[in-house]
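*Asks:* For reference, the structure I am asking about is given below.
None of the figures in this text is laboratory data; all of them are computed from the coordinates on show. Please read these numbers as outputs of a predicted model, since none were measured by experiment. Every residue, glycine among them, receives a Cβ derived from its backbone with ideal geometry; neighbour counts consider all protein chains shown.
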Amino acid sequence: MKQSFDDISAQLRARHRKSARLKWASMGALGLAALFLVLFFADMLIKGTPAFQQAQIEVEVSYTEQASQLPLAAVNEDVRQLVSRGYLRLIPGRMRDNPDLLGATSMEWVLADGQVDQYLKGHHSKLNDRQKAVVDRLEQEGRAELRFNTRFFTSGDSKMPELAGIASAAMGTVLTLMVTLAVAFPIGVMTAVYLEEFAPDNRFTQLIEININNLAAIPSILFGLLGLAIFINFFGVPRSTPIVGGLTLALMTLPVIIISTRTALRSVPDSIRHAAFGVGCSRWQMVRDHVLPIAMPGIMTGSIIGLAQAMGETAPLIIIGMVAFIPDVSTSISDAATVLPAQIFTWAGEPDRAFIEKTSGGILVLLAVLISLNASAVVLRKRFERRW
Amino acid sequence: MQTPQLLAMFCGTLLLLGLIAYFLGRSKAARVRASGTSMYAQPDQYAWFAVMSTAGPALAVSAVGAFVMLLLGAEIPPLYLLAGSLVVACAGLAFAMARVRPEFHARQAIERVIRFILAGAAMISIFTTLGILLSIVFEAVRFFQMQSFWDFITGTTWNPGASFLAAAGRADEGASAAQFGSVPLFAGTFMITFIAMLVAIPIGLLAAIYMAEYAPAKVRTVAKPVLEVLAGIPTVVYGFFAAITVAPIIVSVAGFFGFEASFNNALAPGIVMGIMIIPFISSLSDDVINSVPDSMRQGSLALGLTKGEMIRDIVVPAAMPGIISASLLAVSRALGETMIVVMAAGMRPNLTANPLEDMTTVTVRIVASLTGDQEFASAETLSAFALGLVLFVVTLALNLVSVMMIRRFREKYRVNNL
């Protein structure tokens, strides 16, 4: 079959068009992923930023004899439903601690009910029309406003959205990660040092290596089953506590730390090792005094990344019962506790719409911590990375 | 005396003994050296040897004792055990002091002990795998003693319903017998995984092609970490996003086209899971495409292929084992993903091919049956371990095949950095 020059050049043009299509499609795929990321963060910011503000209203609080028995009586009837119950409950206690208050009456800024908060933020609320009118009047008089929500950072979980905060979950996360780090870091670094510097290249070493790579790919929920069956049921470690959570997460983080430590150790040039042997170091002295210090930034980077992964993990912790309702900030690794992602999970299941805001707020805090952890890992790497 | 206080006393005494060993060992070695005899090791090394020989055996004895108590249920009073350990520590100290002699190689002795400790640490990862396997298999066997294995694999009704009554010995009070047919769970799992792969593989692969073949260096340095952010977002956050934002969008879009969608439809968790998995596929595929030898590109361009044809017909087929390996890893990841489906997929086992309906997955059932307030020995709780066993086997197989594929690629093109 003969083809004219025009045919061939048309064919070529078509081929080039097709080639360009692939370029645009691949660019579009990357763009789509980036677009999703932008949409996701925008959605979380829009939903979550209101959580950092909370409605407060200025009402007349009268510390009468009756109020010490029945706290609802401390405020006027028209605003009684608008003040947070949780706040009112504290009044008798305050009067007991401070007897001078009895008989006093003062205008005070108090925490408003969650529904008032939702109404002021323009969301759907369960207030009736009369209550809405009262809130509108208070707002016009400058007696109702949104203020920065310190309670979100200082108090524990609560069934009342206006009182709920992330403090107990944050503390639980810190305790759990301390256990994780204390267990996973030494064992991980020791394993990596053994495999890179000491181990003979035999079947057994290969088995350990395959096993570590495989461990890194096991679904996290199975680590939860391990924690439940071995740590809790067999060794009798108390359920829901940071110690069992930390141990479970440590086993999960171990492969990450081992793999990154091995990479860091491998990037130390052999000339360092030869020089150390040359001046008469033993193998352990060579590792301790020369190889490990040089590899340390890489090891730290890997450990931070592993820790960030452990911090966002929820599934294994649900299995071992770390989704408890924890209103008080605990300070011991053997008390029941919850962690930030588990708190987010609990709040996401609350039927009250005000908790959507709390959940997104908690997510923003978690993401901020994770991003700064990862950023610090990147900075650490950039700062101390040595090219040989 | 309480056990915690006893333990604190034990640790304190052991620490003290260790300190004594250190200083005694060092001063003895220093004396020997001061007398003009040359020794095989430094005084510090003799000191550390003394510490190790004091603390090591004592810790080993107490650990073995604790294990015997836990595993065999032997009644050893903690006081005796710890006191015995301390006696061993003193013996170790005396032994070490006798060994502080010029002709003793303290450094090599330390070296051997350290090597032993490091190898012990490396064993922990093996124990972890064994622990996972044993704990799951052991409980799964208990489950299969109550329920038939065949019904579990082929049954189409998952209705644990009254299994807790059976566990409490009141089986006849339940209205219907519990049924554990896992087919609907696996159908739901595969449906959601399939949707996730439909999203993740094309986007991840195309993004990898762009980054490896087209992107200027500047775009690459920005785009890679941005994609990694997707992998770093906690799954619980994705779950919330899928349930609160994506699912209602899907319901209204489906409503617009005249379909009825459940708020727990399989599409929302599937799509969001796919987005989460994009970086897994893109970063591994990117590495693989980058390590396809340049000579193949140059050869194909020299033959007159356009760039698009080169990528489609030469580079991607060459990188195929790596891409398949990445996809298999992604599938195993999707099968085991828990939080997204727990929060956004349904709880109702539902055997259907319609992604707009609600369906449940293996991981959702595992969570649901372990978070209830049921007795541990009930069939429903144990069923979680049977499901976990299947999950373990499937993901293990996928991972192994994936590793084998990537090894084949590596050997073919002699790439070392994958």
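*Asks:* Are there GluC sites (Glu not before Pro) in region A:93-202 that DSSP marks as loop and that have at most 13 other Cβ atoms within 10 Å, and which are they?
*Replies:* Working: sites: A:E108, A:E139, A:E141, A:E145, A:E162, A:E196, A:E197; in loops: A:E141, A:E162.
In loop regions of region A:93-202 (DSSP not H, G, I, E or B), the sparsely surrounded GluC sites (Glu not before Pro) are A:E141.
*Asks:* Any chance you could run the full-extension gain for A:T154 through A:R283? It's 0.36 nm times the residue separation minus the Cα-Cα distance, nm to one decimal.
*Replies:* Stretched out fully, the A:T154 to A:R283 stretch lengthens by 41.4 nm.
*Asks:* Please identify the DSSP H helices in chain A that span no less than 15 Å along the helix axis (Cα) and have a mean Kyte-Doolittle hydropathy of 1.0 or more. Each step should come with its number before you reach the end.
*Replies:* Numbers: long enough: A:5-48 (63 Å, 0.49); A:129-140 (16 Å, -1.37); A:167-193 (38 Å, 1.86); A:203-216 (20 Å, 0.21); A:242-266 (34 Å, 1.37); A:292-312 (30 Å, 1.28); A:354-384 (45 Å, 1.23).
Span-like helices in chain A: A:167-193, A:242-266, A:292-312, A:354-384.
*Asks:* Beyond 29 Å, how much of the Cα-Cα pair distribution for region A:167-384 remains, as a whole percent?
*Replies:* 34 percent
*Asks:* Also, I was wondering about something else. Estimate the FRET efficiency between B:D313 and A:I210 by the formula 1/(1 + (r/R0)^6), using the beta-carbon distance for r and 22 Å for R0, to the nearest 0.05. Please report the intermediate quantities before stating the final value.
*Replies:* Numbers: r = 35 Å, r/R0 = 1.59.
Computed FRET efficiency for B:D313 and A:I210: 0.05.
*Asks:* Please tell me the relative contact order of region A:167-384 in percent, rounded to the nearest whole number, where contacts are Cα pairs under 8 Å and at least six residues apart.
*Replies:* Contact order relative to length: 32 percent.
*Asks:* Where nothing but the Cβ of Lys and Arg (+1) and of Asp and Glu (-1) is charged, how large is the charge dipole of chain B around its Cα centre, in debye to the nearest 20? Display every interim value, and only then the final one.
*Replies:* Details: 25 positive and 23 negative charges, 439 e Å.
With Lys and Arg at +1 and Asp and Glu at -1, about 2100 debye.
*Asks:* Another question, then. Put +1 on the Cβ of every Lys and Arg and -1 on every Asp and Glu Cβ in region A:252-357; which of A:I320, A:A310, A:I333 then has its Cα farthest towards the positive end of the dipole?
*Replies:* After comparing all options, I get A:A310.
*Asks:* Okay, moving on. Using 7 Å Cα-to-Cβ label points, what is the A:E385/A:L35 separation (nm, one decimal)?
*Replies:* According to this spin-label approximation, the distance is 3.2 nm.
*Asks:* May I pose another question? Where Rh is the Kirkwood radius over the Cα pairs of region A:137-288, the temperature 4 °C and the viscosity 1.567 mPa s, what D in µm²/s does Stokes-Einstein return?
*Replies:* Values: Rh = 19.5 Å.
This corresponds to a translational diffusion coefficient of 67 µm²/s.
*Asks:* Only four residue types carry charge here, +1 at the Cβ of Lys and Arg and -1 at the Cβ of Asp and Glu. Report the dipole size of region B:193-331 about the Cα centre in Debye, rounded to the nearest 20.
*Replies:* Values: 6 positive and 8 negative charges, 42 e Å.
The dipole of region B:193-331 has a size of about 200 debye.
*Asks:* Using a basic spin-label model with each label point 7 Å from the Cα along Cα→Cβ, how many nm lie between A:D97 and A:R17?
*Replies:* Label at A:D97, label at A:R17, 7.8 nm between them.
*Asks:* By the scheme Lys and Arg +1, Asp and Glu -1, what is the net charge of all other residues having a beta-carbon under 15 Å from that of A:Q11?
*Replies:* Details: positive: A:K2, A:R13, A:R15, A:R17, A:K18; negative: A:D6, A:D7, B:E309.
Summing Lys and Arg as +1 and Asp and Glu as -1 gives +2.
*Asks:* Okay, moving on. In peptide B:224-236, how many Cβ atoms from other protein chains are near each Cβ within 10 Å, on average?
*Replies:* Numbers: counts 0, 3, 5, 4, 1, 9, 5, 1, 9, 10, 13, 6, 17.
The per-residue average across the peptide is 6.
*Asks:* If you take the square roots of the eigenvalues of the alpha-carbon gyration tensor of the protein assembly as shown and sort them as a ≥ b ≥ c, do you get rounded (a/c under 1.5), prolate (a/b over b/c) or oblate? List each step's numbers first, then the result.
*Replies:* Working: a/c = 1.63, a/b = 1.09, b/c = 1.50.
The shape class here is oblate.
*Asks:* Run the simple label-point estimate for A:I46 and B:A377 please: 7 Å along Cα→C-beta, distance reported in nm.
*Replies:* 5.5 nm
*Asks:* Specify the angular offset, from 0 to 90 degrees and rounded to the nearest 10, of the alpha carbon long axis of helix B:316-336 from the longest principal axis of the alpha carbons in chain B.
*Replies:* The helix B:316-336 is inclined about 80 degrees to chain B.
*Asks:* Using the structure shown, select from A:K18/A:K47; A:K47/B:K224; A:K121/A:K159; A:K47/A:K159; A:K47/A:K132; A:K47/B:K218 the pairs with a Cα to Cα distance greater than 31 angstrom. Before the final figure, lay out the partial values.
*Replies:* Numbers: A:K18/A:K47 42 Å; A:K47/B:K224 28 Å; A:K121/A:K159 20 Å; A:K47/A:K159 20 Å; A:K47/A:K132 23 Å; A:K47/B:K218 33 Å.
A:K18/A:K47; A:K47/B:K218, as the Cα separations exceed 31 Å there.
*Asks:* Please arrange B:I249, A:I243 by counting, for each residue, the other beta carbons lying within 10 Å of its beta carbon, fewest first.
*Replies:* Details: B:I249 12, A:I243 20.
Ranked by crowding around the Cβ, least crowded first: B:I249, A:I243.
*Asks:* Could you compute the net charge surrounding A:A199? Neighbours are other residues with a C-beta less than 13 Å from the C-beta of A:A199; K and R count +1, D and E count -1.
*Replies:* Cβ neighbours under 13 Å give a net charge of 0.
*Asks:* Any idea what the alpha-carbon Rg over 2.2 N^0.38 Å comes to for region B:3-141?
*Replies:* Numbers: Rg = 18.9 Å, N = 139, 2.2 N^0.38 = 14.3 Å.
Normalised by 2.2 N^0.38 Å, the Cα Rg of region B:3-141 equals 1.32.
*Asks:* In addition: Pop out the Kirkwood hydrodynamic radius of region B:179-413 from its pairwise C-alpha distances, inverse of mean 1/r, in Å to one decimal. Could you put the intermediate results ahead of the total?
*Replies:* Values: mean 1/r = 0.0518 Å⁻¹.
About 19.3 Å for region B:179-413.
*Asks:* Right, another one. Per 0.36 nm of contour for each residue apart, how much would the distance between B:V137 and B:T154 grow if the chain were fully extended, relative to their Cα-Cα spacing? Can you show the working numbers first?
*Replies:* On the way: separation 17, 0.36 × 17 = 6.12 nm, distance 1.97 nm.
The B:V137-B:T154 span can extend by a further 4.2 nm.
*Asks:* Let me ask something additional. Counting other beta carbons within 10 Å of each residue's own, what order do A:F52, B:F10 fall into, fewest first?
*Replies:* On the way: A:F52 16, B:F10 21.
Ascending Cβ contact count within 10 Å gives the list A:F52, B:F10.
*Asks:* A follow-up question, please. From the gyration tensor of the Cα coordinates in chain B, what semi-axes in whole Å does the equivalent ellipsoid have, largest first, with each one equal to sqrt(5λ)?
*Replies:* Over the Cα atoms of chain B, the semi-axes work out to 54, 38, 18 Å.
*Asks:* Once the piece of chain linking A:A182 and A:D129 is laid out straight, how much longer is it, given 0.36 nm per residue of separation minus the C-alpha distance between them? Please report the intermediate quantities before stating the final value.
*Replies:* Details: separation 53, 0.36 × 53 = 19.08 nm, distance 5.63 nm.
13.4 nm is the gain from fully extending A:A182 to A:D129.
*Asks:* Okay, next question. Determine by what factor the alpha-carbon radius of gyration of region A:192-277 differs from 2.2 N^0.38 Å, reporting the quotient.
*Replies:* Values: Rg = 16.8 Å, N = 86, 2.2 N^0.38 = 12.0 Å.
For region A:192-277, the normalised Cα radius of gyration comes out at 1.40.
*Asks:* Per residue Cα convex hull volume for chain A, in cubic angstrom? Could the numbers behind the result be given before it?
*Replies:* On the way: hull volume 112.7 nm³, N = 388.
Roughly 290 Å³ of hull volume per residue.
*Asks:* Please give me the summed charge of the neighbours of A:E77: other residues whose Cβ is under 12 Å from its Cβ, Lys and Arg +1, Asp and Glu -1. Please report the intermediate quantities before stating the final value.
*Replies:* Details: positive: A:R80, A:R130; negative: A:E60, A:D78.
Here the count lands on 0.
*Asks:* Between A:R137 and A:R85, what is the FRET efficiency for a Förster distance of 25 Å, r being their Cβ-Cβ separation, to the nearest 0.05? Spell out each step's value before the answer.
*Replies:* Values: r = 22 Å, r/R0 = 0.87.
The computed FRET efficiency comes out at 0.70.
*Asks:* Along the charge dipole of chain A, Cβ charges K/R +1 and D/E -1, which of A:I363, A:Q69, A:P99 sits furthest on the positive end?
*Replies:* A:I363
*Asks:* May I ask you to derive the FRET efficiency for B:D44 and A:A324 from their Cβ-Cβ distance with R0 = 51 Å, giving the value to the nearest 0.05?
*Replies:* Numbers: r = 49 Å, r/R0 = 0.96.
Working from the Cβ atoms, E equals 0.55.
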